[in-house]
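To start, the structure under review is shown below, and the notes come after it.
The values are calculated or read from the model by the stated rules, or taken from the named source; none is laboratory data. A quick note: this is a predicted structure, and the numbers were derived from the prediction, not measured. Here the Cβ is made from the backbone with ideal geometry for all residues, glycine too, and neighbour counts use every protein chain on show. The area values use the complete protein model at the heavy-atom level, side chains included, leaving out ligands, DNA and RNA. Shrake-Rupley method; radii C 1.70, N 1.55, O 1.52, S 1.80 Å.
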Amino acid sequence: GQQVMQIPQYQHVQEGEDFTTYCNSSTTLSNIQWYKQRPGGHPVFLIQLVKSGEVKKQKRLTFQFGEAKKNSSLHITATQTTDVGTYFCAGSPGNDMRFGAGTRLTVKP
Amino acid sequence: ETGVTQTPRHLVMGMTNKKSLKCEQHLGHNAMYWYKQSAKKPLELMFVYSLEERVENNSVPSRFSPECPNSSHLFLHLHTLQPEDSALYLCASSQSGLADFSGANVLTFGAGSRLTVL
């Protein structure tokens with residue numbers, strides 16, 4: 001069925017380095033949401049993107065929605081140890097919402 | 001505290017046991033969900049209750065049975081589970097159903113129930 005693919009699966013960075021995770025769909029998405037799950041925790045909503053080409057920022061986090069509404073990215077500038085966790089995208093190709101497999105970020109101090 | 005409370009947080013059961021997971025939301029939301037989170041797999045939507053209508057993933061085995069007595073409470077009844085059913089079961093709620101793209105379909109998750117089937 002329709003899937004939302006997310007890469008990379010894992011990313012290990014040195015503190016202060018940047019980090020990006022990508023989300024791709026074969027079909028147009030009505031919207032895309034991003035969630036963060038800390039180790040041992042549960043997913044927590046970060047942001048929703050709806051418009052083609054939309055860019056939103058939250059402090060060091062920048063979220064983009066592609067022009068074709070088939071892809072999205074989350075970029076973290078100058079990672080900190082508090083950024084560790086798994087970042088999930090969730091897209092709506094139809095009347096439901098599909099989660100990507102997540103990108104697990106580890107940050108070395 | 002997220003406003004979505006799940007109990008128990010941890011559960012160990014044998015394959016012949018019957019147990020239930022409970023979820024309660026205090027957010028005034030109109031939709032509730034059960035998700036399964038297994039290692040190295042995407043979050044899998046199991047069941048949706050929206051305005052008291054049930055929508056389910058047809059791939060979910062019948063040994064999982066949901067119950068939604070009202071808009072604030074959701075149960076997942078477990079019967080004759082298999083070891084591969086061991087996972088984190090997450091309850092979530094949203095203001096409206098998943099097809100509402102205005103932002104009202106943002107999910108608030110509970111802390112999860114970690115299930116181990118022996």
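Name the strands (runs of 3 or more DSSP E) wholly within the range B:26-79 that hold at least 3 residues that are within 14 Å of chain A (Cβ to nearest Cβ) and small (G, A, S)?
Values: elements: B:31-37, B:44-50, B:53-56, B:64-70, B:73-79.
Output list is empty.
Which residues, counting only those in the range A:1-10, are under 14 Å from A:G102 (Cβ atoms) and either buried (at least 18 other Cβ atoms within 10 Å of the Cβ) or without any contact (Cβ under 8 Å) to a residue 24 or more places away in the chain (or both)?
At the first step, the residues of the range A:1-10 found to be under 14 Å from A:G102 (Cβ atoms) are A:3-10.
Result: A:V4, A:Q6.
Could you tell me whether any residue of the range A:85-102 is in a strand (DSSP E or B), in contact (Cβ under 8 Å) with a residue 60 or more places away in the chain and under 13 Å from A:F19 (Cα atoms)?
yes
Pick from B:S93, B:S20: which is outside any loop (DSSP other than H, G, I, E, B), crowded, with 20+ Cβ neighbours inside 10 Å, touching a residue at least 40 places away in the same chain (Cβ under 8 Å) and more than 9 Å from chain A (Cβ to nearest Cβ)? Reasoning before the result, please.
Working: B:S20 fails: crowded, with 20+ Cβ neighbours inside 10 Å.
Unique residue meeting the criteria: B:S93.
So A:A78 fits all but one of (1) farther than 22 Å from A:N95 by Cα; (2) hydrophobic (A, V, I, L, M, F, W, C); (3) part of a strand (DSSP E or B); (4) open to solvent by 20 Å² or more (accessible area, probe 1.4 Å); what number is the exception?
(3)
Does B:S38 satisfy the criteria of being surrounded by fewer than 17 Cβ atoms within 10 Å (Cβ to Cβ) and touching a strand residue (DSSP E or B) at 6+ places or on another chain (Cβ under 7 Å)? Let's see the steps before the verdict.
On the way: surrounded by fewer than 17 Cβ atoms within 10 Å (Cβ to Cβ): yes; touching a strand residue (DSSP E or B) at 6+ places or on another chain (Cβ under 7 Å): yes.
Spelling it out, B:S38 is indeed surrounded by fewer than 17 Cβ atoms within 10 Å (Cβ to Cβ) and touching a strand residue (DSSP E or B) at 6+ places or on another chain (Cβ under 7 Å).
For the range A:37-75, which positions are within 11 Å of chain B (Cβ to nearest Cβ) and outside any loop (DSSP other than H, G, I, E, B)?
Within the range A:37-75, A:Q37, A:P43, A:V44, A:F45, A:L46, A:I47, A:Q48, A:L49 qualify.
Considering the range A:81-109 alone, what residues qualify as being open to solvent by 50 Å² or more (accessible area, probe 1.4 Å) and either at pLDDT 95 or above or of a type in the set (D, E, K, R) (or both)?
A:T81, A:T82, A:R98, A:R104, A:T106, A:K108
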